[in-house]
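Let me begin by presenting the structure, written as structure tokens, before commenting on it.
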Amino acid sequence: MTTPGQHDLPLGRLESWMRDHIEGFRGPLAAEQFEGGQSNPTYKLLSGAGSYVLRRKPLGQLLPSAHAVDREYRVMRALFSTAVPVPAAYALCEDDAVIGSAFYVMELLDGRIFWDPRLPGLAPVERRAMFQSMNAVIAALHSVDYVAVGLGEFGRPGNYIARQVARWGRQYQASQTEKQPAMDRLIEWLPRHLPPEGEPRIVHGDYRIDNLIYHPTEPRVIGVLDWELSTIGDPLADFAYHVMAFRVTPELFRGLAGVDFKALGIPTEAEYVAAYCARTGRDRTPDWEFYMVYSLFRMAAIAQGIAKRAIDGTAASRDAHELGRVARPFGEQAWALARSLGA
């Protein structure tokens, strides 16, 4: 959903840049900002040549390594010819002088975005098909040969979980606004319980239903968005972060915990994990509960970053304050699960 007439883009400079860098572009250029989203401000561009999408880094002081629009652009370009559906990425600009921050321009896909994984208003048979498509796409992503598609230098294979735990611990501490004992304990607990890692793959980093575009009428994914956290890493960590929705209540944050799966036509967590394993050739998911602790911890750190940006005035969405408040309950849920594992 866009806000007509609401944007902060210098259209004159942007139009000139697009004319020089995007084949077939022609003005005049207009823009509307998409609502929602906490990371990189996103805009619908309307021009004489059709519509585009622009993603930019937020303005202001940012956390180290955050808002990596250049990584989004690179991974989408690499995946465009694979079985993973992504929008066409047309051009990247890393010159802040054009619009004030780095950005890229990509294809506008015509489809549906769902923010509630319960998919209200749809028939059970359609819900099940949509979950199966979502499952098939992440399995396809984790089956891509990242070297063959030109992403051999996209990340550092090995010790992914250890580096991620350290990274999100630092991000949390850099954006801390109040004391959260559960997070402090998790920062100590997680490095002591790291599982052995499997073969590295491309990981999306934030694979959720609201980062997917579904076909306008069919129950299938036609585009995966928001690749800024993508890298080369442990696919099971990526999948667990996605499956975390099954452990979180709808009241806390777009979750599925406690719903009537049979009535809704949505697979249970066990069924969903089994489908992924079948598609990727796994016969089991070792250390699954550790991955869930890590996923909840990571979400808490992300939410804390949103809370800090809301305070600083650099958040990309008006509901950032509300989302920032979930940092504490996510951390506490993660620590409770860790304790149940013998912390």
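Structure summary
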item	result
Contacts under 9 angstrom Cβ, first residue in region 72-93 being without any contact (Cβ under 8 Å) to a residue 12 or more places away in the chain, partner surrounded by fewer than 22 Cβ atoms within 10 Å (Cβ to Cβ) and part of a loop (DSSP other than H, G, I, E, B), 6 or more apart	PHE80/PRO87; PHE80/ALA88
Qualifying positions in region 78-108 - surrounded by 19 or more Cβ atoms within 10 Å (Cβ to Cβ) and within 30 Å of VAL243 (Cβ to Cβ)	ALA78, LEU79, VAL84, PRO85, VAL86, ALA89, TYR104, MET106
Whichever residue in region 183-210 is among the basic types (Lys, Arg) and over 24 Å from the mean Cα position of the chain (by Cα) and, among such residues, is nearest to GLY169 (Cα to Cα)	ARG185
Residue count for region 217-240, restricted to those that are charged (D, E, K, R), under 17 Å from the mean Cα position of the chain (by Cα) and in a loop (DSSP other than H, G, I, E, B)	3
Of all residues in region 238-252 being farther than 13 Å from ALA139 by Cα and out of contact with any Gly (no Cβ under 6 Å at 6 or more places or on another chain), the one that is surrounded by the fewest Cβ atoms within 10 Å (Cβ to Cβ)	GLU251
Every pair of residues 6+ apart whose Cβ atoms lie under 8 Å, when the first sits in region 13-32 and is at positive phi while the second is of a type in the set (A, V, I, L, M)	GLY24/ALA49
Residue within region 192-201 that is closer than 30 Å to ARG56 by Cβ and in a strand (DSSP E or B) present	yes
Options ILE266, ILE232, ILE222, ILE213: the member that is of a type in the set (Val, Ile, Thr), touching a His at 6+ places or on another chain (Cβ under 8 Å) and in the same structural domain as MET130 (by TED's automatic domain parsing)	ILE222
Test: residue in region 154-174 that is assigned to a loop (DSSP other than H, G, I, E, B), of a type in the set (S, T, N, Q), under 21 Å from the mean Cα position of the chain (by Cα) and within 20 Å of ALA310 (Cβ to Cβ)	no
Residue among ALA174, ALA136, ALA166, ALA148 that alone is in the same structural domain as GLU332 (by TED's automatic domain parsing) and in contact with a Leu (Cβ under 7 Å, 6 or more places away or on another chain)	ALA174
Identity of the residue in region 150-166, in contact with a Lys or Arg (Cβ under 9 Å, 6 or more places away or on another chain) and at negative phi, that ends up modelled with the lowest pLDDT	ARG156
Test: residue in region 99-113 that is of a type in the set (Phe, Trp, Tyr), at pLDDT 90 or above, more than 30 Å from PHE253 (Cβ to Cβ) and outside the structural domain of VAL147 (by TED's automatic domain parsing)	no
Residues of region 131-157 that turn out to be aliphatic (A, V, I, L, M) and more than 13 Å from VAL75 (Cβ to Cβ), as a count	8
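The values are calculated or read from the model by the stated rules, or taken from the named source; none is laboratory data. Being a predicted model, the structure only gives us computed values, none of them experimental. Note that each Cβ is placed from the backbone with ideal geometry, even for glycine, and that neighbours are counted across all protein chains shown.
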